[in-house]
Amino acid sequence: MSTNGADLIVDTLIKNGVKYVFQLPGGKLGPLLMALKKREEEIEVVTVRHEQNAGFMAQGIGRITGKPGVVMTTSGPGALNLVTALATATSDGDPVLAIAGQVPQAKLLTPYPQNPNISGVMNDATITKYAKEIEHTDALADEVANAYVASVNGNPGAVFMDIPGNILLAETTKTGLEFSSVVDQLANTISDDATIATAADKIKAAKRPVMIIGARADDEAAAKEIQAFVKKTGIPVVETFQATGLLTREFNQNYVGRVGLFNNLPGDELVYNSDLVITLGLNLVEYWASVWNADNKTIIDIDTVVDHLDETYIPDTLVLGNIAKNLKNITAAMAEQDLTDEWKAVIRTLQEKLMTKKQVPAETAIDALHPLEIVDSLQKTIDAHPDTTVVMDGGSHEVWMGSYLNVYQPKHFLMSDGEQTLGVGLPWAISAALLRPDEKILSSGGDGSFMFSSQELATVAHYQLNIVQVIWVDKEYNMVEFQQELDYDGQEEGVDIDYIGYKEMAESYGIKATRVRSKEALDAALMEAYASTEPMVIEMIEDNRENIHLRDKTELKKY
């Protein structure tokens, strides 16, 4: 059987463990689709309803597995529709490999249909880490290898390959390249003994130490070492929204919640009161240093890369390399650390404050759900079904969930801290459901954000995915609305949206759906959803009057 460039790409993907390709078909993608069809027993093609969503689905694979998700598109608008998804992946630190079919090389510089300079558009460091137009068929396997490695090396992100049609169709004697052993060794180095000892000594000397866990530490190996470190030292922990789930319930006495975004949570106050901050895999886009380090705290940074340096972020000690292994060595160098009674008292005070902020008010609206009622119902459901993967779209609902909902496993709480992109929720839920078919995937979206990718309910229905989609309905782009009201003397404009019957919409796709206005009805709907592996949509009528308080400016108090 003759082998062409498209066959060479697919062979390389398969040899390196790629199981899914997300795509929306187009003429220039034809050679790759035919190559995929030849190998359909080894790699699955997932056809979607919009290329941007295909890019988000690839990002979901990258987020959960740590290895690039793969998306393929046609040229022109097909590839251009990937820009938002790839920029989101790069900002959030998720590996994605995007491949676009392109017009033949002879037509690249002519006024030919669907022929913008895609690689030029993509070749921006805020969108991708690597973007190339490939010029020779025999180089395709090499280029896939280099793009793939670039996507996971350092801070992970998106990469892009633009491949003219004649390059895809030309025959070649090359075979696919297997390079997974190189990928497995990336970030496998550890810091030297002297650096480990310095870090341990500074931690021992601290009176008010705290650890901030970031997205680059969100994996099972790091979770194990974080738990061992906390068990030995008792040092309190806060998480960014994107790094939720690294501690189990056993460590509730050491946990003070989340930090970031509006800098008004008890976790933010804990960092404000600390004298030493251990940043663990912290991507500064999650929690920018100017917010928490105005007083020049001692910083020990344990990470795979050096993040952005400025006047508020110059680590005193940099422990560079494999996060889990370096933290394990620091733990071994530590004696059991007895925190001062003063610091323990601060920790207890802020934990109590966190619990108070999470409590459902005694009086709520009769015909709509208070946000904390929704969080409480979802929390109880997750506690009863701890393997649930929680996926969030952007919006005010995300702040409630990000601030107060707990999960206890890494990679089981997915949200965007970087671009905070609307529309990621349902596509990421689809990725999670493909990877975790035996787990319930709980996808949360507002009525605004959900509509960015609602057409993918068709994909959910086609694959009968084990997803329950909850939709917070308040008929406004409320995350923008309440900030307009705060910033413009109570005025708002351009934020109202018409109500859509989301229940009826879901039913039109053949998906079971219900509409709820009370906590009792929500609890019953969640119980029904979890009793089945079929998809379900729950439309929740929300009382959004409390959302304006999400941005309350808390005067951070010194304890």
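The values are calculated or read from the model by the stated rules, or taken from the named source; none is laboratory data. Keep in mind that this is a model prediction, so the values were computed, not measured. No Cβ is skipped: glycine too gets one built from the backbone with ideal geometry, and neighbour counts run over all protein chains shown.
For region 397-414, taking the residues that are outside any loop (DSSP other than H, G, I, E, B) and out of contact with any strand residue (DSSP E or B) (no Cβ under 7 Å at 6 or more places or on another chain), the one that is farthest from residue 483 (Cα to Cα) is identified as 404. Of the residues in region 540-552, at least one is assigned to a strand (DSSP E or B), of a type outside the set (A, V, I, L, M) and touching a residue at least 12 places away in the same chain (Cβ under 8 Å). Among residues of region 466-510 being at pLDDT below 95 and of a type in the set (S, T, N, Q), the one that is surrounded by the fewest Cβ atoms within 10 Å (Cβ to Cβ) is 491. Pairs linking a residue in region 383-406 that is of a type in the set (A, V, I, L, M) to a residue that is part of a loop (DSSP other than H, G, I, E, B), with Cβ atoms under 7 Å and 6 or more positions apart or on different chains, are 390/405; 390/407; 390/412; 392/415; 399/261. Please go through region 283-333 and give me each residue that is within 21 Å of residue 419 (Cβ to Cβ), in contact with a strand residue (DSSP E or B) (Cβ under 6 Å, 6 or more places away or on another chain) and buried (at least 23 other Cβ atoms within 10 Å of the Cβ), ordered by number. Matches in region 283-333: 286, 287.
Test residue 236 against the criterion of being in the same structural domain as residue 253 (by TED's automatic domain parsing), more than 20 Å from residue 318 (Cα to Cα) and touching a strand residue (DSSP E or B) at 6+ places or on another chain (Cβ under 6 Å), and give yes or no. When the stated conditions are applied, residue 236 passes them. For residue 91, are the conditions met, namely being in a loop (DSSP other than H, G, I, E, B) and either under 23 Å from residue 129 (Cα atoms) or of a type outside the set (Lys, Arg) (or both)? Here the answer is no, as residue 91 does not meet what is asked. Highlighted here are the helices (runs of 4 or more DSSP H) found entirely within region 418-515 that include at least 2 residues which are charged (D, E, K, R): 478-487, 502-508. Tallying residues that are touching a strand residue (DSSP E or B) at 6+ places or on another chain (Cβ under 8 Å) and either under 15 Å from residue 389 (Cα atoms) or not small (Gly, Ala, Ser) (or both) within region 63-73 yields 7. When region 233-276 is filtered for residues that are over 19 Å from residue 334 (Cβ atoms), touching an Asp or Glu at 6+ places or on another chain (Cβ under 7 Å) and surrounded by 24 or more Cβ atoms within 10 Å (Cβ to Cβ), the ones remaining, listed by number, are 240, 242, 243, 258, 259, 260. Cβ separations smaller than 6 Å between residues 6+ apart or across chains give the following pairs from region 457-475 residues that are in the same structural domain as residue 444 (by TED's automatic domain parsing) to residues that are modelled with pLDDT of 95 or more and polar (S, T, N, Q): 466/533; 467/443; 469/443; 470/444.
Within region 20-37, is there a residue that is within 18 Å of residue 423 (Cα to Cα) and under 14 Å from the mean Cα position of the chain (by Cα)? Among the residues of region 20-37, not one is within 18 Å of residue 423 (Cα to Cα) and under 14 Å from the mean Cα position of the chain (by Cα), which makes the answer no. Would you mind telling me which numbered condition in (1) on the phi > 0 side of the Ramachandran plot; (2) out of contact with any Ser or Thr (no Cβ under 6 Å at 6 or more places or on another chain); (3) of a type outside the set (Lys, Arg) residue 260 fails? Tallying (1) on the phi > 0 side of the Ramachandran plot; (2) out of contact with any Ser or Thr (no Cβ under 6 Å at 6 or more places or on another chain); (3) of a type outside the set (Lys, Arg), residue 260 fails exactly one: (2). Of all positions in region 233-249, at least one carries a residue that is farther than 30 Å from residue 183 by Cα, among the basic types (Lys, Arg) and touching a Phe, Trp or Tyr at 6+ places or on another chain (Cβ under 8 Å).
The requirement of being surrounded by 21 or more Cβ atoms within 10 Å (Cβ to Cβ), free of Cβ contacts under 8 Å to residues at least 40 places away in the same chain and assigned by TED's automatic domain parsing to the domain that holds residue 440 is not satisfied by residue 529. Of everything in region 89-113 that is more than 10 Å from residue 161 (Cα to Cα) and among the small types (Gly, Ala, Ser), the residue that is modelled with the lowest pLDDT is 106. Looking at region 34-57, is at least one residue outside any strand (DSSP E or B), touching a residue at least 60 places away in the same chain (Cβ under 8 Å) and on the phi > 0 side of the Ramachandran plot? No, region 34-57 contains no residue that is outside any strand (DSSP E or B), touching a residue at least 60 places away in the same chain (Cβ under 8 Å) and on the phi > 0 side of the Ramachandran plot. The set of residues from region 150-195 being part of a strand (DSSP E or B), crowded, with 16+ Cβ neighbours inside 10 Å and out of contact with any helix residue (DSSP H, G or I) (no Cβ under 6 Å at 6 or more places or on another chain) comprises just one member, 163.
Just one residue in the set 421, 381, 388 is of a type in the set (S, T, N, Q) and within 14 Å of the chain's Cα centre (by Cα); that residue is 421. Take the residues in region 424-465 that are of a type in the set (Val, Ile, Thr) and within 19 Å of the chain's Cα centre (by Cα); name whichever of them is modelled with the lowest pLDDT. In this case the residue turns out to be 424. The single condition among (1) within 18 Å of the chain's Cα centre (by Cα); (2) at negative phi; (3) modelled with pLDDT under 95 that residue 116 does not meet is (1).
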